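The structure appears below as structure tokens.
The values are calculated or read from the model by the stated rules, or taken from the named source; none is laboratory data. Quick caveat: nothing in here was measured; it's all calculated off a predicted structure. All Cβ positions, even for glycine, are placed from backbone atoms using ideal geometry, and neighbour counts span all protein chains on display. To get the accessible areas, we keep the full protein, side chains included, count just its heavy atoms, and leave off ligands, DNA and RNA. Shrake-Rupley method; radii C 1.70, N 1.55, O 1.52, S 1.80 Å.
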Amino acid sequence: MTAEKTSEPDLESAVDSTAEPPPGTPPDSYLNPRHLSLVEPSLPEVYDAIREADREMNRAAAKRAAAIYAGQRVLADVGRARAEAAVRAGGPRPPWSPEEATKEEFTCEVGALLRLPRRTAETLIEASRTLAEDLPATRDALTRGAISYRHAQVIMEQAWGIRMDDDPVAAARARAVFEDVLVPDAEVLTVAKLADRPGGCGNAPTRKPSPRGTRRVSKTGTSCSRPSTTGWRRCL
């Protein structure tokens, strides 16, 4: 009795294409180009869509920061108009600046709009101001979608501590050098690796916008030191 021979096309048609591969099957023989060509949409298109959606989220974060900064400036103008109107009416000029007078109101509004606690809203408002006024390269990268908002936060948390003996011009130069180092890396590194890189003062604690615990940078913008739990640490 002879065994009936089965042709190769018959064997191929008998294979269940929906079945799981046997354990230990190499991925190349299972997900080969012929199988992948049957997927609609194709995997490259899916990957491109994921990447583009992520970049769109980054661009949206930049738009939110720009809108918050614009609202902050508009409300400051309102506070300035209020103060001038009070003076014209014969009353005393308020002892605080228009920004200070409207800060509480704007913080409450942003917190309510975005359902954020007060401290988080304050930090978001200050971050939006920092991107608009102090870190143009970071703002541009976020606007293009090249970095995420978390990458921008890492850069901002470091830049918030830069002080140059109350010299705004020198501080701006130092921040520019700082961005030249970190922004290109932010486009290719994860958030954790960006925070840990030597030029980014790795392992430094998360910083909030505050005049305390300032970071000291030499006027050349090439080195700095900062306090830590174990003493002063060199950065950049």
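Some notes on this structure:
- Scanning segment 142-184 for residues that are in contact with a helix residue (DSSP H, G or I) (Cβ under 6 Å, 6 or more places away or on another chain), open to solvent by 30 Å² or more (accessible area, probe 1.4 Å) and hydrophobic (A, V, I, L, M, F, W, C) returns a single hit, 181.
- For the criterion of being open to solvent by 70 Å² or more (accessible area, probe 1.4 Å), within 25 Å of residue 124 (Cβ to Cβ) and modelled with pLDDT of 60 or more, residue 187 passes.
- Number of positions in segment 142-158 that are of a type in the set (S, T, N, Q) and not in a helix (DSSP H, G or I): 1
- Qualifying residue in segment 124-133 (condition: of a type in the set (A, V, I, L, M), touching a residue at least 60 places away in the same chain (Cβ under 8 Å) and in contact with a Lys or Arg (Cβ under 8 Å, 6 or more places away or on another chain)): yes
- Residue that is farther than 16 Å from residue 133 by Cα, of a type in the set (D, E, K, R), at pLDDT below 50 and touching a helix residue (DSSP H, G or I) at 6+ places or on another chain (Cβ under 8 Å), where the choices are 226, 207, 234: 207
- In the set 101, 121, 146, only one residue is touching a residue at least 24 places away in the same chain (Cβ under 8 Å) and closer than 28 Å to residue 162 by Cα; that residue is 146.
- Out of 129, 139, 82, sole residue that is under 18 Å from residue 68 (Cβ atoms), outside any loop (DSSP other than H, G, I, E, B) and either among the β-branched types (Val, Ile, Thr) or open to solvent by 70 Å² or more (accessible area, probe 1.4 Å) (or both): 139
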